[in-house]
1. Between B:Arg109 and A:Glu54, what is the FRET efficiency for a Förster distance of 45 Å, r being their Cβ-Cβ separation, to the nearest 0.05?
2. Quick check on the protein assembly as shown: take the gyration tensor over C-alpha atoms, sort the square-rooted eigenvalues as a ≥ b ≥ c, and tell me if it's rounded (a/c under 1.5), prolate or oblate.
3. Most exposed first by the Cβ proxy, i.e. fewest other Cβ within 10 Å, how do A:Leu45, A:Leu19, B:Leu111 rank?
4. Would you mind calculating the relative contact order of chain B from Cα pairs under 8 angstrom and at least 6 residues apart, reporting the percent as a whole number?
5. For a label point 7 Å from the Cα of A:Gln38 along Cα→C-beta, name the residues of segment A:66-103 whose backbone N is under 11 Å from it.
6. Treating the beta-carbon of each Lys and Arg as +1 and of each Asp and Glu as -1, no other charges, what is the dipole magnitude of the protein assembly as shown about its Cα centre, to the nearest 20 debye?
7. Taking the Cα centre of each part, how many Å lie between segment B:61-114 and segment B:1-49?
8. Translational diffusion coefficient, Stokes-Einstein: compute it for chain B using the Kirkwood radius over C-alpha pairs as Rh, at 25 °C and 0.890 mPa s, and state it as an integer in µm² s⁻¹.
Amino acid sequence: SAVISQKPSRDICQRGTSLTIQCQVDSQVTMMFWYRQQPGQSLTLIATANQGSEATYESGFVIDKFPISRPNLTFSTLTVSNMSPEDSSIYLCSVGGGQAQHFGDGTRLSIL
Amino acid sequence: AQSVSQHNHHVILSEAASLELGCNYSYGGTVNLFWYVQYPGQHLQLLLKYFSGDPLVKGIKGFEAEFIKSKFSFNLRKPSVQWSDTAEYFCAVKPMDSSYKLIFGSGTRLLVRP
């Protein structure tokens, strides 16, 4: 399976600021996904990012809040904008499509 | 709405005990089913998956799961747990009419006492 690296692994941010999370894969993949895991809750899909097209956002997530870039087949970024304490979560990058999805280590984000 | 329910949020077992974690989903169509495991400090790893065929699937580390279509269930089992099985376990469902969207259960934290 693909090796997925996320940066940063964790961060503590001030409310109102933005943070960009990077996801690097060691092989070319068509589909990349961004998930959020809020404290004590399940994983929720934020958006699907395919190279060469706009990201597709799930209900409850919008591009202004979570802009995503997908410049090539091995890299994607997720920005969490204008952060508030409610955005404190683990954000995970995932790759895969018809078969199983594989996950990075995640970025643990805390907003003060 | 599509959902996945994991009935046990926390399970504590002694080594060598048998394990069964429940997973039910709400979706009437064809699905792919997965169990993921997250060991302390590590990323999510695929434990096993079911796409079609034999409803009893075997995964890594001695785990198996049985798909019972009539009950919309995909329970995870292991005959004899080890201390190293201490982890969080997530059931996930992919409805076949979605764009590869995985719907996760809330997870079950398993603690195995030596």
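Every number in this text was worked out from the coordinates using simple rules, so none of it is lab data. Quick caveat, the model's predicted, so the values are computed rather than measured. Please note: Cβ atoms are built from the backbone with ideal geometry, for glycine as well, and neighbour counts cover all protein chains shown.
1. Details: r = 37 Å, r/R0 = 0.83.
Given R0 = 45 Å and the Cβ-Cβ separation, E is 0.75.
2. Values: a/c = 1.88, a/b = 1.46, b/c = 1.28.
Prolate.
3. Working: A:Leu45 24, A:Leu19 18, B:Leu111 12.
So the residues, fewest neighbours to most, are B:Leu111, A:Leu19, A:Leu45.
4. 37
5. So the set is A:86-89.
6. On the way: 18 positive and 16 negative charges, 35 e Å.
For the protein assembly as shown, the charge dipole is close to 160 debye.
7. Distance between centres, Cα-based: 2 Å.
8. Values: Rh = 14.2 Å.
In µm²/s, the coefficient rounds to 173.
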